Amino acid sequence: MLPFTFYSPTYFAFGEDTENQAGALVRRFGGARVLLHYGKGSAVKSGLIDRVKRSLSEAGVTFVELGGVAPNPRSGLVYEGIELGRREKVDFLLAVGGGSVIDSAKAIAAGIPYDGDFWDFYKGKPVKEALPVGTVLTIPAAGSEGSPNTVITREETLEKRGMGSDLLRPAFSILNPALTQTLPAYQTACGAADIMTHVFERYFTNTEECEITDRMCEAVLSTIVYEMPRVMANPNHYEARANIMWAGMLAHNNLCGVGREQDWASHDIEHELSAQYDVAHGAGLAVIVPAWMKYVYRHDIARFAQLAVRVFGVNMDFQNQERTALEGVARLQGFWRSLGLPANLRELGARAEDIPMMARRVNFKGREKIGGFVPLAVEDIEKIYQLAW
């Protein structure tokens, strides 16, 4: 295990009706004038926004609103939010929604006090100052409610880029599993794929002797494998929803990633899919991750076999660990397929002729290769897209 620091200051309010604490929590963490940020309608139609606004008013918190966040959040609304926040002199961002809303709110929070273009942060400039952010989570998937990360798509160029800063870890996050009971099955499944991939990006490492974080990763993965069939059979299953919601946070606040090298190639490769075709991030990952696994598994067959045995219940073939490893990949694909997720690029509506272009556009962040587990050049990425085809 490598030396590490771990900082996770977010205050979590977990359970039914916790959205009614929003106003008190904004006050507790220093907010008096809030930019209330949300999506395109479901939070409004369900009455959630009204409950949050009532909570803010009861706490004496004034607010302005900016709705309209779309999946794969875009830069245009971020610029609008920065302008609105400055004009209204807000001192706190409150995101009500899933990862897209939270990511957009974080970008606005970093952009309001910054003199330049907020996109500078997505090109590598460190965040030196940001307004505090609170969240009311409605979709367990991105883990942004507990992480320092945010991903935005630049509309002019269709570049989808991420950045992170501990200044962007939410001051508080409200997690009410009951808010997720009305999610469509497909959105729930996409969230599960995203959660699992956040773990895979940490699990596949070249760092040795990380047994504790290996076991934590496997626990989160096993929870999703156990709970998702229960939720698909009964969308109102509160306890299953609760376990999935908390797993989503644990998957991405980096508790499962400390002390080890991490990979993140699958996310970089998928970002081009969702930028180009506007597909759900989790659906894109369900296609890319198995292709990536098939391309790199020989680098550490024992680790893939360990995953197969510990998470997917494959019997270890000690005479042929490669067979065990590949069976684990097949079971992952079968699990995701059972949730209704796509299995190849064709099902996502991707075009074969776009593959070379997408491989070239993957964000290398100034490096020659991406990925901490197996470094990948452009030609490797193109082969992974082809495997996914």
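The values are calculated or read from the model by the stated rules, or taken from the named source; none is laboratory data. Values in this document were obtained by computation on a predicted structure and should not be read as measured data. Methodologically, a virtual Cβ is constructed for each residue, glycine included, from the backbone with ideal geometry; neighbour enumeration extends over all protein chains shown. For accessibility, only protein heavy atoms count, side chains too; no ligands or nucleic acids. Shrake-Rupley method; radii C 1.70, N 1.55, O 1.52, S 1.80 Å.
What's the extension gain from ARG215 to GLU83 if we count 0.36 nm per residue and subtract their Cα-Cα distance?
On the way: separation 132, 0.36 × 132 = 47.52 nm, distance 4.53 nm.
Value of the extension gain: 43.0 nm.
With θ taken as phi - 60° and the Karplus curve 6.51 cos²θ - 1.76 cosθ + 1.60 applied, the whole-hertz 3J(HN,Hα) list for the stretch 27-39 is 4, 4, 9, x, x, 10, 9, 10, 9, 8, 10, 8, x Hz, x standing for glycine and proline. FRET efficiency for the ILE301 to PHE29 pair, using the beta carbon distance and R₀ = 35 Å, is estimated at 0.15.
Given the C-alpha centroids of the stretch 333-389 and the stretch 284-330, what is the distance between them in whole angstrom? Here the answer is 18 Å between Cα centres.
Given a 1.4 Å probe, how much area per residue of the stretch 287-389 is accessible, in Å²? Can you show the working numbers first?
Working: 4930 Å² over 103 residues.
The answer is 48 Å² per residue.
In this structure the stretch 36-101 gives 42 Å² per residue of accessible area when probed at 1.4 Å with all protein chains present.
Counting Lys and Arg as +1 and Asp and Glu as -1, what is the net charge of the other residues whose Cβ lies under 14 Å from the Cβ of SER8? So the environment of SER8 carries a net charge of -1.
Figure the gain on full extension for GLU155 and ARG230 (residue separation times 0.36 nm, minus the Cα-Cα span) and round it to one decimal in nm.
Numbers: separation 75, 0.36 × 75 = 27.00 nm, distance 3.83 nm.
Full extension of this stretch gives 23.2 nm more.
Applying the Karplus relation 6.51 cos²θ - 1.76 cosθ + 1.60 with θ = phi - 60° to the stretch 167-176 yields 3J(HN,Hα) values of 5, 9, 5, x, 5, 8, 9, 9, 10, 10 Hz, where x marks Gly and Pro. For the stretch 5-92, the share of accessible area belonging to carbon and sulfur comes to 49 percent (1.4 Å probe, ligands and nucleic acids excluded). Looking at the stretch 162-252, the GluC sites (Glu not before Pro) that sit in a DSSP loop and have at most 10 other Cβ atoms within 10 Å of their own Cβ are GLU208, GLU209. Rolling a 1.4 angstrom probe over the stretch 262-308 with all protein chains present gives an accessible area of which 47% lies on carbon and sulfur atoms.
Distance between the 7 Å Cα→Cβ label points at LYS40 and ARG360: 3.1 nm.
Working note: Karplus 6.51/-1.76/1.60 with θ = phi - 60° gives the stretch 249-262 the couplings 5, 5, 5, 9, 8, 6, 4, 7, x, 5, x, 8, 5, 10 Hz, where Gly and Pro are set to x. A simple spin-label model places the labels of GLU379 and ASP166 4.2 nm from each other, with each point 7 Å out along Cα-to-Cβ.
How much mean residue ellipticity at 222 nm does the chain get from its helices, if each DSSP H run of length 4 or more adds -39500 (n - 2.57) and you divide by all residues, to the nearest 500 deg cm²/dmol? Theoretical 222 nm ellipticity from helices: -15000 deg cm²/dmol. For the set GLU272, GLU16, solvent exposure ranked by accessible area (probe 1.4 Å, protein chains only) runs largest to smallest as GLU16, GLU272.
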